[in-house]
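A.B. asks: Sharing a structure, written as structure tokens. Questions coming.
The values are calculated or read from the model by the stated rules, or taken from the named source; none is laboratory data. Everything quoted here is computed from the prediction, not taken from an experiment. FYI the Cβ positions are ideal-geometry reconstructions off the backbone, even for glycines, and counts take in every protein chain you see. Only protein heavy atoms, including side chains, enter the accessible area calculation; ligands, DNA and RNA are left aside. Shrake-Rupley method; radii C 1.70, N 1.55, O 1.52, S 1.80 Å.
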Amino acid sequence: MSTTWIILGGTSTIARGFARAAAERGEGVILAGRDMADLEATATDCGLRGAPVAEAIPFDARDADTFTPILERSKALDGTISAAVFVGSMPPQDEIDEDPALINGVVADSFTGPATFLTALAPEMEARGKGTIVGVGSVAGDRGRLGNYVYGAAKAGFHTYLSGLRNKLGRAGVHVVTVKPGTVDTAMTWGLEKLPFLAPPEKVVADIFKAVDKRKDTLYTPIIWWPVMTVIKLIPERIFKKLEI
Ligand SMILES: NC(=O)c1ccc[n+]([C@@H]2O[C@H](COP(=O)([O-])OP(=O)(O)OC[C@H]3O[C@@H](n4cnc5c(N)ncnc54)[C@H](OP(=O)(O)O)[C@@H]3O)[C@@H](O)[C@H]2O)c1
């Protein structure tokens, strides 16, 4: 009996590639998100590529009422349940500075919404004693930078949550992979200038499945971001606070 992936943020550029790759591996996909027409189109594509389950379901990270039908659908699935979180939003930092109320939404999208959903899903996965959770964070969560520190703070919260969840669920045979992409050529970055090491989403998807299969704990993708972030994390704060990177 194969895995069925519950994919939160199923309209994300990276998630679409992830769902197609899962389908080609013979795995099922349930695409959850806000744009049902987009999700249905990806589900149809995944069905044609061989996914044994290919469905779309509404999900809004800021509305916990949308979580219940997905959790009920998960319980009714045969085989292994896995989950992948691609939800996130990154309004420009200067817009947040103008309207601090935006912070709640950024944190709900990247951290509290997905964490609330995964916490509710965890007992079913623990009971089955298998499955994988892929949580997409960001290198932005490794250090607070001038240009996106609210987004980075939300991702840092999600990283810490995933670390604890890995500790808890690993005891039951469920594996949690934290994914930290650098810059990826997706809707989130279109229009932004000066992006170093911009990666195609297909590269990130291939790296994620390698990490899933090898049961890696944390993945920097592309791998160049591991040395880059190692250096960035080592810069003393008295110097870092003056940098514009
Ligand atoms: N692109 C990069 O350079 C980069 C780098 C590091 C990390 N990441 C992370 O990678 C993940 C995927 O992003 P992407 O690059 O593929 O960009 P994207 O295409 O903009 O995807 C963002 C996704 O989040 C969804 N979303 C936002 N708020 C939501 C909400 N309240 N409820 C439900 N869904 C919501 C969007 O849904 P709608 O279509 O409904 O808006 C979309 O599916 C995100 O977590 C992002 O933070 C991206």
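A.B. asks: Please compute the length gained on full extension between Lys203 and Ala120, using 0.36 nm multiplied by the number of residues separating them and subtracting their Cα-Cα distance.
C.D. replies: This chain segment gains 26.8 nm when fully extended.
A.B. asks: Another one. Report the residue, chosen from Leu146, Leu121, Leu71, that carries the largest GNM mean-square fluctuation when the chain is represented by alpha-carbon nodes joined by springs under 10 Å.
C.D. replies: Comparing Leu146, Leu121, Leu71 in the GNM, the peak value goes to Leu146.
A.B. asks: Which of these, Ala154, Ala120, Ala84, has the largest mean-square fluctuation under a Gaussian network model of the chain (Cα springs below 10 Å)?
C.D. replies: The residue with the greatest mean-square fluctuation here is Ala120.
A.B. asks: Quick one: how many Å² of Thr221 are accessible to a 1.4 Å probe, rounded to 10?
C.D. replies: Rounded to the nearest 10, that gives 0 Å².
A.B. asks: Counting only protein chains, not ligands or nucleic acids, how are Val53, Val134 ordered by accessible area (probe 1.4 Å), most first?
C.D. replies: So, going from the largest accessible area down, we get Val53, Val134.
A.B. asks: Sticking with this one: Please build a GNM for the chain, connecting alpha carbons under 10 Å apart, and tell me which residue among Thr178, Thr112, Thr44 fluctuates the most.
C.D. replies: Highest fluctuation of the listed residues: Thr44.
A.B. asks: Let me ask something else about it. In nm, to one decimal, how far is the modelled label at Lys233 from the one at Lys168, with both set 7 Å along Cα→Cβ?
C.D. replies: Label-label distance for Lys233 and Lys168, simple model: 2.3 nm.
A.B. asks: Round to the nearest 0.05 the FRET efficiency obtained for Leu102 and Asp217 when R0 = 22 Å and r is the Cβ-Cβ distance.
C.D. replies: 0.10
A.B. asks: If you split all Cα-Cα distances of the chain into 10 Å bins from zero, what percentages do you get per bin, shortest first?
C.D. replies: It works out to 8, 32, 38, 17, 4, 0, in whole percents.
A.B. asks: Which lysines have a Cα lying under 25 Å from the Cα of Lys194, excluding residues fewer than 8 positions away in the same chain?
C.D. replies: Partners within reach: Lys155, Lys180, Lys203, Lys233, Lys241, Lys242.
A.B. asks: Something else about it: Pull up all non-local amide H partners of Val184: gap of 5 or more, or a different chain, and H-to-H distance under 5 Å with H placed in the peptide plane.
C.D. replies: Answer set, sorted by chain and number: Ala199.
A.B. asks: Next question, about the same structure. Just to confirm a number: summing +1 for Lys and Arg and -1 for Asp and Glu over residues other than Tyr161 whose beta-carbon lies under 11 angstrom from that of Tyr161, what do you get?
C.D. replies: Spelling it out: positives minus negatives among the neighbours equals +3.
A.B. asks: Quick check: net charge around Val177, other residues with Cβ under 9 Å of its Cβ, Lys/Arg +1 and Asp/Glu -1?
C.D. replies: Residues near Val177 contribute +2 overall.
A.B. asks: Would you kindly state how much longer the chain becomes between Leu48 and Trp190 on full extension, computed as 0.36 nm times their sequence separation minus their alpha carbon distance, in nm to one decimal?
C.D. replies: Full extension from Leu48 to Trp190 adds 48.2 nm.
A.B. asks: Once you keep just the Cα pairs under 8 angstrom separated by 6 or more residues, what percentage relative contact order results for the chain?
C.D. replies: 17
A.B. asks: Quick one: Karplus J couplings for segment 97-108, per residue in order, coefficients 6.51, -1.76, 1.60, θ = phi - 60°, nearest Hz, x for Gly and Pro?
C.D. replies: After applying 6.51 cos²θ - 1.76 cosθ + 1.60, I find 4, 6, 9, x, 5, 5, 4, 4, x, 4, 5, 5 Hz.
A.B. asks: With a 1.4 Å probe and all protein chains left in place, how much of the accessible area of the chain comes from carbon and sulfur atoms, in whole percent?
C.D. replies: 55
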